[in-house]
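Trainee: What follows is a single structure, and I will ask about it in a moment.
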Amino acid sequence: MTENFRYIPNTPEQQEAILKEMNRKSVSELFSDVPEELKLKRPLNIPEAMSELELEKHMKELASKNANTDEYICFLGAGAYDHYIPSVIRHMLMRGEFYTAYTPYQPEISQGTLQAIFEYQTMICELTGMDVANASMYDGASAAAEAVLLACGHKRKNKVLTASNIHPEYTDVIRTYTKYHGISVEQVAYSNGVIDLSDLEKKIDTETAAFVVQNPNFFGAIENLDEISRIVKNSGALFIVIADPISLAILKPPSEYGADVVVGEGQSLGNSLSFGGPYLGFFAATNDLLRKMPGRIVGQTTDVHGNRGFVLTMQTREQHIRREKATSNICTNQALNALAATIYLTLMGKKGLKEVASLCVKKAHYAYRKLIETGKFVPAYSAPFFKEFAVKLNSVNSGKSSGNGGLFTLKELNKKLLKEKIIGGYELGRNFPDMDDAWLIAITEKRTRDEIDKLVELSNMEG
Amino acid sequence: MKEENLIFEISRPGRIAYSLPKCDVPETRLEELIPVEYIREKEPELPEVSEVDAVRHFVRLSRKNYGVDTGFYPLGSCTMKYNPKINEDIAALKGLSSVHPYQDEETVQGCLEIMYKTSEMLAEITGMSKVSLQPAAGAHGELTGLLIMRAYHQSNGDDKRRKILVPDSAHGTNPASAAIAGFEVIQVKSNERGNVDIEELEALMQDDVAGLMLTNPNTLGLFEEQITEISDIVHKKGGLLYYDGANANAIMGITRPGDMGFDIVHLNLHKTFSTPHGGGGPGSGPIGVTKMLEPFLPFPVVEYKDGCYYLDYDRPLSIGKVKSFYGNFSVIVKAYAYILSMGPDGLRRASETAVLNANYIMEKLKKYYTLPYDRTCKHEFVLSADKQKNIGVSALDIAKRLIDYGFHPPTVYFPLIVKEALMIEPTETESKENLDRFIEAMIKIADEAAENPETVKNAPSTTVIGRLDEVKAARNPILRWKKEA
C-alpha cells in the first residue's frame, strides 16, 4: 500500500493508523479467513490504471468508431426512437442528490425521488388511462413478460396468446420468462399488417389467461383494439396492451378498450438511444390487479405533524418482504430513466406532447406518400399508422428479377444510404419471412422535410 | 424547506416549457390521416408549466434527497461508493449515447468493443470463462443464472431438479428469482459462525436439487470459510453453485468466485463498479459462467473475429433473451471506464480498503451494540440493536436518529436472522475522518438510547418531513394525483 488513488481518500499513512488502532499488523490479516489456496497470487490481468486524461482520450477514440444520430440522419426505429431530448433533462438528472441516491428506503431524506415517482405514476396513468402504475420496469420487453406472469397467476391458467406482430424481442423475452412455468405461448397471425381477428377468435378460449397486443404494432400499424377487445373480453382472458407512450397523446388510451394491463417502452420519453439501454418499461393496470403488480409503488401519506409526504408502499408484494412468494423478483429498476420521463412529460406538457405526436404523424405520412410515389415501393399493408410504417420493394409492376428497376435489395439500399450518412429503415425480413422485402421506417419530430426528401431521392436512384 | 407542490399543482393553463420546429410538410388534418374513432377525445392531464417552473421544481425536489454526493451512505449490501464524474461525461459522448441498437454492425464497432472488453475484464476479475452483459440489474442476473442452471440440467436429460437451496441469510431477491425461474426454494440454516451449516447442506443436497445460491462474503459480511467443502458437496450431487455478486466489493484481486468453485456468477455494476444507483436504477447485472455453461448464455453474445466485433445470435442452446437489445449499455460504459481508471492495483486496493474500513467501524462499535458474530468481517458487518430494543429503542429509531447526525442510515432489519439488524457497509471511498464521525454518532445514539430514549424515538427532527405513516399509505392507497372534479 504505497500509492494514492483519487477515489480512495485514506492515505497509506491513515491506513496504517487504522490498523494500529485495531491492533492489526497488516491488511492481509483481515483476509486470513480466505483459504490460502483460493487466494489470487498474481495481479489481475487487466490494463494498468489510466489517468483521467488518458481515459477520456481512449473513450473518445472508441466513441468515434460508431456512427451516431447526431451526425447521421436516423430513420431506424423498431422499438427505440430518435426523439428530441430537451436540454433541461440532463441538467436535472445530473443533480448529485438524484443520481447518487438509491432506492428511497428512508423517506425522510428521499422525498425528492419519492415525489418524482408519484408524479411519474400519475403521468403514466394519465397517458394510459389506467388506475395504477408502478415506478418502472427494466424495459418494455420485460414489462410485457411480467404482465404475462401476472395474468397467468391471476387467472390460474397456463395458456397465453400473443400477437405475432408485437416486437420480436418482446416475444423472445416472454418466452424466456414463461419457459419453466408450464405456460404455453401461442401466436396469433396477422394479415394485412394487423391482427387476423378470425385467427384470434379461433385460438382464444376460456383456458386463455391473456392476449398480448401491441399498438401501434411492430409494423407501425394501428390495430382495431375495439374489435380485438370484444373477442378477448368474451373469452374472459386479460387484455394486455403494449403501447407507445408518445402515441397516447393522440390515440385513444387502452383503458377505453378495456385493457387490464398496459405496458410499454418509455425510452421515447427523454431517454437517449444509448445502443439499447438503459431504457425503462412502464407498467400500469386496473385497481383490481394492484396487489399482484410487480415492482416499486409510491403512495401518498402524512408525517407525524400531518404534512403530506410520500413513501414506498404495498411492499408486502415485494421480494425483500415476501421472498419466494413475492409478485416479482425486481428490486433495482430504472428510476433515473423514469425521472427523465417525468421531466420530459413535464416539459412537453399537455400541449407539447400532442404536438410531438402530430409532427410524427404528419411527417411519417409525408414520407410514406413520397416513397410510394417513386414507384419503387408499395404499401406493406393498408391499415392506418402512427410514426412508423412499412413499405415493400415493388416487385409486381416492372421487370422480372427484383422488379424495382434498379435491381437492389434492402440491404444494398441501406448500405448505400449509410454512405450518405443516413441510417435507413429496419429490414423486416430479419424476423418475418413473409415480410422479406419490407422496410420499416420511423419518422420522429426530429426529421425535416429536407432529410425525408433526401431519403426518398436516394431510394429512388438506380442500383 | 417547505412542502413542494406537485407539478400538477404548479400547472397553469396555457404555459409551455417546450419549443418545437414548425411543421415543414404540407399541413393535413390529423383526422385525415388517422380514423377519427382511434383519436383520443379526453386529453391526458399533463402539467402546463414554463421551463423555469420545471427547473425550479426538480431542483427543489433534488434538495429533499440524500445521495453519495451529499455524504456518508453506509447502506449495507448496496455498496454506495463514490460515482466518478468523468464516467458520466464519457457515457454522454454522442458517439456512445446517440447510437441506435439496430445500426449496422460496421457502424457500432466502438460499442461492441467496449462490451467485449468489459466482458473479458469481468471474466478475469471473477475467474469465469465468459460473461454476458444483458441482465439489467442484480435480480435480473439471478434470474438469468437460474434459467441457465435449469437449461443445463435439462440438456443432460435431467428434469427432476426442481429445487434451489438458499441460505437463510440470503438477499430476498434470491428466493424471489428462484420462484420466477420456476424453482421450489429450500432454505439452508446458518451455523453459529454465521456460515452455511454444512451438515444441513449435505442432508438437503439431493438429486432433485439444481443448485445452491450463495453470497460470499455473505450478507453478514462473513467469508464462507468452508467454501471448498460446500462446492464439493454441491458438485458431487450433480448440482451447480451460484454466486450472488452483491458483495463482490470485498474480493476484487484477492480471490475469485471461479477459483472458489462457482459455476455461475452475477455482478452488480452499480455496486462494485461504481456506476450510480440513480435513486433505484438503472443498474446492470452481468452474468459470468464456466466454459461448460457458455452455450446457455442469453443471445446475442459479442464475439470478435478477423478484426471485427459482431453479435452472435446463432446459439441453439441459449436460454433466450431476458431483455430487449444487449443490456444497459451506458451503465456498462461507466463500469468499463471505472475499471480502466483503477487498474489491477486500484481494484485490489479498493477491496482491501473497503474491508479495512468495515472492520474499523465494527471494532469501535462492538462495545456499544451487540455484535452477533464476533469475527473479522469483510466489506460489511451486521450489528444488533437488541440491547437498545430491550429499553424501547429499535433499530429503526437508531436509523432515523442517524439522519439527524447527517448520515444516511445503514440497511435495517436485514439479514432476517439477526434481530434488530443494522447492516453497515462503509465502502473504500470514505476517509478516516468520516468513519470517525459516524462512529462517534453511533456511540452518542447508544448513550441517548439509555439516557434520553425519546430523542431517539422521535427522530428525525432535522428533516423536511417527520416520520411518515406507512400503515396509512398501505391501507388507504393514494398512488396518483387526481384533478379535482
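What follows draws every value from the coordinates through simple rules; no lab data is involved. If you're wondering where the values come from, they're calculated on a predicted model, not measured in any experiment. Reconstructed Cβ throughout: ideal geometry from the backbone, glycine too, with neighbour counts over all protein chains shown.
Trainee: For labels at B:E433 and A:K419 in the simple 7 Å Cα→Cβ model, what's the distance in nm?
Mentor: Inter-label distance under the simple model: 6.3 nm.
Trainee: Please compute P(r) over all alpha-carbon pairs of segment B:53-163, binned at 5 Å starting from zero, and give each bin as a whole-number percent.
Mentor: So the P(r) values, bin by bin, are 2, 8, 9, 12, 16, 16, 12, 10, 7, 4, 2, 1, 0.
Trainee: Pop the C-beta distance of B:D159 and B:I478 into the FRET formula with R0 = 41 Å and round what comes out to the nearest 0.05. Please list the in-between numbers first.
Mentor: Numbers: r = 47 Å, r/R0 = 1.15.
Calculated value: 0.30.
Trainee: Can I ask one more? Based on other C-beta atoms within 10 Å, arrange A:K363, A:K41, A:K179, A:K20 from fewest to most.
Mentor: Values: A:K363 23, A:K41 6, A:K179 18, A:K20 10.
Fewest-to-most Cβ neighbours within 10 Å comes out as A:K41, A:K20, A:K179, A:K363.
Trainee: Tell me the label-point distance for the pair B:R63, B:S50, using the 7 Å Cα-to-Cβ offset, in nm and rounded to one decimal.
Mentor: About 1.9 nm separates the two model spin labels.
Trainee: Taking neighbour Cβ counts within 10 Å as the exposure measure, how do B:E3, A:E265 sort from fewest upward? Please report the intermediate quantities before stating the final value.
Mentor: Values: B:E3 13, A:E265 27.
Least to most surrounded, the residues fall as B:E3, A:E265.
Trainee: Something else: For chain A, just the Cα set please: Rg and Dmax, both in angstrom.
Mentor: Rg and Dmax of chain A, Cα atoms, are 26.0, 89 Å.
Trainee: Cross-link partners among aspartates and glutamates for B:K364, C-alpha distance below 13 Å, same-chain residues fewer than 8 apart left out?
Mentor: Reachable aspartates and glutamates: A:E21, B:D374, B:D436, B:E440.
Trainee: Another one. Which one of B:S190, B:N249, A:S191 is farthest out on the positive end of the charge dipole of the protein assembly as shown, using unit charges on Cβ (Lys, Arg +1; Asp, Glu -1) and the Cα centre as origin?
Mentor: Comparing the listed Cα positions along the dipole, A:S191 ranks first.
Trainee: log₁₀ I(q)/I(0) of segment B:348-471 at q = 0.14, 0.22 Å⁻¹, via Debye over equal Cα point scatterers, no solvent, to two decimals?
Mentor: The Cα Debye sum returns log10 ratios of -0.58, -1.33.
Trainee: Given the C-alpha atoms of segment B:7-62, compute the convex hull and give its volume per residue in Å³. If you can, show how the numbers build up before the last one.
Mentor: Details: hull volume 7.0 nm³, N = 56.
Dividing the Cα hull volume of segment B:7-62 by its residue count gives 125 Å³.
Trainee: For chain B, what is the calculated [θ] at 222 nm in deg cm²/dmol (nearest 500), taking -39500 (n - 2.57) for each run of four or more DSSP H residues and dividing by its residue count? Display every interim value, and only then the final one.
Mentor: Details: 17 runs with 179 residues, N = 485.
It lands at -11000 deg cm²/dmol.
Trainee: Tell me, rounded to the nearest percent, the portion of alpha carbon pairs in the protein assembly as shown spaced more than 42 Å apart.
Mentor: On the way: 149919 of 448878 pairs.
Of the Cα pairs, 33 percent sit more than 42 Å apart.
Trainee: Report the Rg/Rh value for segment B:103-193, based on alpha-carbon coordinates and the Kirkwood definition of Rh.
Mentor: Working: Rg = 17.0 Å, Rh = 15.6 Å.
Rg/Rh for segment B:103-193 comes to 1.09.
Trainee: Pairing the Cα long axis of helix A:111-128 with the longest principal axis of chain A, what angle in degrees results, from 0 to 90 and rounded to the nearest 10?
Mentor: The angle comes out at about 10 degrees.
Trainee: Using only the alpha-carbon atoms of segment A:19-70 as identical scatterers, what base-10 log of I(q)/I(0) does the Debye formula give at q = 0.14, 0.15, 0.26, 0.31 Å⁻¹?
Mentor: Ignoring solvent entirely, the Cα scatterers give -0.68, -0.71, -1.02, -1.14.
Trainee: Right, next: If each DSSP helix of 4+ residues adds -39,500 (n - 2.57) and the sum is divided by the residues in chain A, what number results at 222 nm, nearest 500 deg cm²/dmol? All intermediate terms of the calculation are to be shown ahead of the outcome.
Mentor: Values: 13 runs with 160 residues, N = 463.
-11000 deg cm²/dmol, from helical runs alone.
Trainee: For chain B, what class follows from the C-alpha gyration tensor (a ≥ b ≥ c being the square roots of its eigenvalues): rounded when a/c is under 1.5, otherwise prolate if a/b is larger than b/c, else oblate? Walk me through the numbers before you get to the answer.
Mentor: Working: a/c = 1.70, a/b = 1.08, b/c = 1.57.
Oblate.
Trainee: Which whole number of Å³ per residue matches the convex hull of the alpha-carbon atoms in segment B:86-341?
Mentor: Details: hull volume 31.3 nm³, N = 256.
Spelled out: Cα convex hull of segment B:86-341, divided by residues, is 122 Å³.
Trainee: Please compute the average number of Cβ atoms from other chains found within 10 Å of each residue's Cβ in peptide A:78-88.
Mentor: So the per-residue partner count for this stretch is 3.
Trainee: I would also like to ask the following. In this model, which of A:K350/A:K392; B:K366/B:K457; A:K350/A:K446; B:K387/B:K457; B:K387/B:K472 are farther than 26 Å apart at the alpha-carbon?
Mentor: Numbers: A:K350/A:K392 36 Å; B:K366/B:K457 22 Å; A:K350/A:K446 19 Å; B:K387/B:K457 15 Å; B:K387/B:K472 30 Å.
Beyond 26 Å: A:K350/A:K392; B:K387/B:K472.
Trainee: Using the Karplus curve 6.51 cos²θ - 1.76 cosθ + 1.60 with θ = phi - 60°, what ³J(HN,Hα) values do you get for each residue of segment B:148-163, in whole Hz, with x for Gly and Pro?
Mentor: Once rounded to whole Hz, the list reads 5, 4, 5, 5, 4, 4, 4, 5, 8, x, 9, 10, 8, 7, 10, 10.
Trainee: Provide the net charge surrounding A:G281, with neighbours chosen by a C-beta distance below 10 Å and charges set as Lys +1, Arg +1, Asp -1, Glu -1.
Mentor: Numbers: positive: B:K323; negative: A:D139, A:E146, A:E265.
With Lys, Arg at +1 and Asp, Glu at -1, the neighbours total -2.
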